[in-house]
Amino acid sequence: MSFVFIDWLVVGAFFAILLAIPFVIAKRDDEKKGRYFNGGGSMPWWLIGISMTAAMAVSFLTAVFIERVY
């Protein structure tokens with residue numbers, strides 16, 4: 001099975017959109033981006049800390065699991 005023209009067209013369109021998204025978002029209002037990334041200032045510091053700690057723990061445990069399995 002090999003790629004035909006339409007397959008390459010879909011792959012090319014996918015990567016074009018993937019590369020265009022950061023440029024479109026960068027042109028948006030900075031205030032909206034700030035509200036998105038910090039939750040509008042409505043999240044308490046301890047909740048953000050717990051979330052970050054949990055994300056790091058999951059990453060670490062996943063790496064340990066993969067190392068033991070393979």
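Remarks
- For the stretch 26-56, a residue qualifies if it is within 18 Å of the chain's Cα centre (by Cα) and modelled with pLDDT of 80 or more, and the qualifying residues are Ile48, Ser51, Met52, Thr53, Ala54, Ala55, Met56.
- Where a residue in the stretch 1-22 is farther than 24 Å from Lys33 by Cα and among the hydrophobic types (A, V, I, L, M, F, W, C) and its partner, wherever it lies, is part of a helix (DSSP H, G or I) and open to solvent by less than 80 Å² (accessible area, probe 1.4 Å), with Cβ under 9 Å and at least six apart: Phe3/Val11
The values are calculated or read from the model by the stated rules, or taken from the named source; none is laboratory data. As the structure is a prediction and not an experimental result, all values here were calculated from the model. Cβ sites come from the backbone with ideal geometry, for glycine too, and all protein chains shown count toward neighbours. Accessible surface is based on the protein model in full, side chains and every heavy atom, while ligands, DNA and RNA are left aside. Shrake-Rupley method; radii C 1.70, N 1.55, O 1.52, S 1.80 Å.
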